[in-house]
Each structure stands twice: as structure tokens, then as C-alpha cells.
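Since the structure comes first, as C-alpha cells, the remarks are kept for the end.
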Amino acid sequence: MTHILQTYPWLQSSWSRLELYISQNRIPQALLLSGNNGFGKLQLASFFSQSILCSSPEQEIGFCGKCQSCKLFEAKTHPDFILIEPEEAGKAIGIDVIRQLTVKLALKPQFEAYRIVIINFADCLSNASANAFLKYLEEPTERTSLILITDKPLKLPATIRSRCQEVPVSASDEMLVKTWLKKQGVEDSIDLLLSMSQGSPLLAKEFSDKLVVDFRNSCFKQWLKVIKREENFIFVAEQWSKLDKGSRELLLVWLISWVMDLIKLKLDKQITEIINIDLISHLKQLVEKLDLKVLYQYYDFLLLSQQRLDTQLNKQLMFEEILIQGVELTTQIKRKQLKDSF
């Protein structure tokens, strides 16, 4: 078994496709590894890169780990391997970075094998850098393979996506993932962690390590209290706005999931296939007081807020608006009841 499957066994399907490219000596000029965060896309791309660059690859392992090329790769000094990422999380990959890259790619690879370029978080390419990158894709240099990685493929221009061979990265075998998590020392709330992480093994492990379930439960209680007018929305919005970027992103995902579950319960009170199964009693109590049409409007608003999260919008004002809309969930149903009584 290859190193990558020993470490990340759920990558079998994705690796089999990449391995076929190597065995047939048909390395794509541009690959797009897509899928939710936390499935090991970067690790898969790195393993694929080293397997291509290795001068003495071993079929069952992927690469030898002993040749000069492997040693340079592991030391992160291989001249034919380039990794491009945003300088800071959420920041754009600027045009200067792509211009410098195209200058390097104009030269031939220093070794006899391929030159590999990984662009992690490819959806962070700015408009200008995406256009510059597209020009290179239209006239690529010899023995160069580009690997784009993203969990938001639709944010990439269609002109770039169409020039890439896309390889989806996910985990189809839930039992395999659960077994892996147990081997990593995760024993409690595995189903809940996987639900919260959208099935991602690495995110589920991270959530377990960082006690994210406790943080999520705390946020849910605050949200519920605001809706019930038991907590000041300005105070809660101020707390939420001070969270780091990753926590704010998680919070928006959770808010959307809570409203999704409310909609499901409104349509079918007996449904059990909801995301936040541990919160079902609270959600069932709340949904009795809500109107389906208003819930759909709130859901759309949360999706819009999620898109605006990476903008310069004042985060406290954004969360205040989210919480005000939450209060309106119960206000509007009371208005409707009052109107119907006349």
C-alpha cells in the first residue's frame, strides 16, 4: 500500500485515478483537485508530485524516498517543484506572484522529469492574476504540470476550469473514516463531528482536538436566546465579530445548518435525517413558532452573508443584521397571526 493510503485511506479512489496518469505516462498539463476542506487535497497533490519527480519510483509505494530528487523534495528545495499559496488565509493571490511564476516556467525544468506547480486555494486568484494565469494555460511550456487545489471550484473562472482535468476528492466509505478517527484517538461524538465537518476526516479530528463541539453549542445557545429575546443581539454580535476568520466561517456554516434543519422539521416533524441531531429537541420547540416562508427568506439571507464574509464589510454590523433577522423569525409569525385574526 502506498504511503498516502496508509495515512489517508479514504483517498483510494482519487489516488487510483492519479496513479493511472503516472503508469500511462500521461501527466496532465493542468489538474484540478476539488472537494470540501479537510479531505487531504494538498497532501494528495504533494504525494502525486513527489511520485512524478522521483527518479526511481516504486510501484506499490509511489516514490523511493532515497534518490536525490526525493531528498530535495522532502527538504523543500527541489528546483522543479513550486508551491503557491496566499500569503495569509483569505488573502488574494496577486498578479505579481503569477508573473514571477510565468517567468520561471519560461525556462526548462532542471531535472529530466516534469516540473510541478501546485496552486493551493486556487479560488483566491484575483481577477488580474486569474487572467494572467489563463494566458499561460493557453500556451503551456513543456514538461510542466499544474495542480490547482480548491474547495470552491465555482469561484474559479470557467475558462480556467475547462482547461483542467478535474479530480474530485472525498470520502465515500463512512466506516473507513470512523475507523481512522478511532485510531487517531477520537472516541466521543464521532457521528456529530463528521456531520459538523460535512464528512471530512481531518476537520473532524481537528474539531475533536480543539473542543469545537463545545464552542458550537455555546454559539447555538446565544443564537437561541437572541431569537427568544433573552439576550441582547448587539452584545452577541460584538462577541462573534471578534472571532478569528476561521471561527467566523464555521459559525456561518452552523447558522445555515440550524436553519436548514428547521426547514426540514417544518416540512416533516418526524424527520430524523438532520445535520444537528443532538439539537433536535431545541429545534423542534423553536420550529413550532416559525413560518416556513420566513425561514426560507432567512436561509437565503444567511447564504448571502456567507458570500460577504470575505469582503471588507464591518463584521459586527453583519452579525447584528443576522441576529436582527433571527429575531424577526418570531416577530413576523406574530404579525401574521394578528393579521389573520381580523
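Each value in this text was obtained by applying a stated rule to the coordinates, not by laboratory testing. This one's a predicted model, so the numbers in the text were calculated from it and none came from an experiment. Heads up, the Cβs are rebuilt from the backbone with ideal geometry, glycines too, and the neighbour counts pull from every protein chain shown.
Below is a table of values for the structure above.
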| item | result |
| --- | --- |
| Calculated FRET efficiency for the pair THR311/GLU238, C-beta based, R₀ 25 Å, to 0.05 | 0.80 |
| Amide H within-cut-off set for LEU32, under 5 Å, with H built and near neighbours excluded | LEU148, GLN165, GLU166, VAL167 |
| Packing-based ranking, highest mean first, of 198-205, 313-320 given that Cβ atoms within 10 Å are counted | 198-205, 313-320 |
| Assigned charges on the beta-carbon of Lys, Arg, Asp, Glu; the chain dipole about Cα centre (debye) | 520 debye |
| Cβ-based charge dipole, segment 3-170, positive-most Cα from TYR8, ILE93, LEU83 | ILE93 |
| Counted charge near GLY35, where neighbours are those whose Cβ lies closer than 9 Å (Asp, Glu -1; Lys, Arg +1) | 0 |
| Segment 1-52 and segment 186-212: distance between their alpha carbon centers, rounded to Å | 23 Å |
| Computed [θ] at 222 nm, helices only, for the chain once each DSSP H run of length n ≥ 4 contributes -39500 (n - 2.57) | -17000 deg cm²/dmol |
| From the coordinates shown, Rg and Dmax of the Cα atoms in Å corresponds to which of [x] 20.3, 60; [y] 23.7, 94; [z] 23.7, 84 | [z] |
| Computed magnitude of the charge dipole of segment 222-324 (debye, nearest 20; Cβ of K, R +1, Cβ of D, E -1) | 160 debye |
| Convex hull projection area averaged over all views, segment 211-340, Cα basis, nm² | 8.1 nm² |
| Nearest-ten-degree value, helix 127-138 long axis tilted from longest Cα axis of the chain | 40 degrees |
| Most fluctuating residue given options ILE93, ILE84, ILE147, as computed from a GNM of the chain linking Cα atoms under 10 Å | ILE84 |
| Positive minus negative residues near ILE280 (Lys, Arg vs Asp, Glu; Cβ under 12 Å) | 0 |
| Neighbourhood charge, 11 Å Cβ-Cβ cut-off, centred on ASN232 and excluding it, Lys, Arg +1 and Asp, Glu -1 | -2 |
| Distant-in-sequence amide H partners of ARG115 (H built 1.01 Å from N, under 5 Å) | THR144, SER145 |
| Of GLY40, THR141, ILE52, farthest towards positive along the dipole that unit charges on Lys, Arg, Asp, Glu beta carbons give segment 3-170 | THR141 |
| Segment 201-276 - charge dipole about Cα centre, Lys and Arg +1 at Cβ, Asp and Glu -1, debye rounded to 20 | 200 debye |
| Karplus (6.51, -1.76, 1.60) ³J(HN,Hα), θ = phi - 60°, over segment 153-158, in Hz, Gly and Pro reported as x | x, 6, 7, 7, x, 4 |
| Kirkwood-based Rg to Rh ratio, segment 3-170, C-alpha trace | 0.94 |
